[in-house]
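This is the structure I have questions about; it appears just below.
The values are calculated or read from the model by the stated rules, or taken from the named source; none is laboratory data. What you see is a predicted model; the values in this text were computed from it and never measured. Cβ coordinates were reconstructed from backbone atoms using ideal geometry, including for glycine residues, and neighbour counts include every protein chain displayed. What goes into the accessible areas is simple: the full protein's heavy atoms, side chains included, and nothing from ligands, DNA or RNA. Shrake-Rupley method; radii C 1.70, N 1.55, O 1.52, S 1.80 Å.
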Amino acid sequence: MPKLTDTQSLILSRAASRPGNLAMPLPEGLHGAAAQKAVTAMITRGWLEEVDADLRRGEPLWRETGDGHGTTLIATEAGLEAIGIEPVAASAVASARKANRQPDAEPAPATEATDAPKPVTIRAGTKQAQIIALLRRPEGASIAEIVEATGWLAHSVRGLISGGLKKKLGLPVTAEKVEGRGTVYSLR
């Protein structure tokens with residue numbers, strides 16, 4: 001598995017939770033030359049892709065290309081695999097995005113209320129985002145590892161996993177006993 005920086009993990013984790021794997025907007029505080037450097041490195045590695053932004057749907061812009069057009073960033077299959085998301089799920093989302101991008105198609109009518117759940121948004125730089133990144137690693141994370149990374153007490157970590165991640169956000173957290181590590185939690 002490739003070694004990702006905290007910023008790269010955060011960008012990809014947030015993209016995985018957004019419709020169409022949108023990597024924009026970037027984490028708060030990441031702008032200017034630092035944003036350009038991070039995004040360029042991720043595009044070079046094949047983890048992000050620059051695509052035409054659909055302004056009618058309100059997609060955020062990465063950069064303007066002129067004539068009222070611009071580009072946005074999406075996480076690629078390789079990028080999602082880098083944070084431990086199965087390639088089948090990644091390709092399903094990518095193909096859904098391509099199917100929705102017909103050049104002269106009319107935008108979908110806005111509806112006031114829908115039965116579909118709203119996409120999960122995770123604020124960048126929070127302990128919750130840090131824990132989600134740990135759980136998305138292929139090897140997952142034990143309570144002890146999360147306690148060490150966050151400085152929280154074990155009961156607080158278990159409470160976030162069961163109440164915040166499973167119940168509130170509806171994330172598919174799994175638990176498995178691993179010899180030498182105890183109970184290991186992961187997002188699969």
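Can you find a residue that is modelled with pLDDT of 85 or more, surrounded by 15 or more Cβ atoms within 10 Å (Cβ to Cβ), in a loop (DSSP other than H, G, I, E, B) and β-branched (Val, Ile, Thr) anywhere in region 75-97?
yes
Can you report the number of residues in region 4-34 which are touching a strand residue (DSSP E or B) at 6+ places or on another chain (Cβ under 9 Å) and β-branched (Val, Ile, Thr)?
Residues meeting the conditions: 1.
Between a first residue in region 135-146 that is part of a loop (DSSP other than H, G, I, E, B) and a second residue that is among the β-branched types (Val, Ile, Thr), which pairs have beta carbons less than 6 Å apart while being 6 or more apart in sequence or on different chains?
Correct list of pairs: GLY140/VAL184.
Restricting region 39-62 to residues that are under 14 Å from ALA82 (Cβ atoms) and among the small types (Gly, Ala, Ser), which is farthest from the chain's Cα centre (by Cα)?
The first filter runs over region 39-62 and keeps only residues under 14 Å from ALA82 (Cβ atoms), leaving 41-49.
Applying the additional criterion that residues be among the small types (Gly, Ala, Ser) yields 41, 46.
Working: ALA41: 17, GLY46: 16 Å.
Among those residues, the one meeting the criterion is ALA41.
Name, by its number, the condition in (1) modelled with pLDDT of 85 or more; (2) open to solvent by less than 40 Å² (accessible area, probe 1.4 Å); (3) within 20 Å of MET42 (Cβ to Cβ) that does not hold for GLY163.
(3)
Could you grab me the full set of residues in region 1-33 that are open to solvent by less than 60 Å² (accessible area, probe 1.4 Å), in a helix (DSSP H, G or I) and of a type outside the set (S, T, N, Q)?
The answer is LEU10, ILE11, LEU12, ARG14, ALA15, ALA16, GLY20, GLY32.
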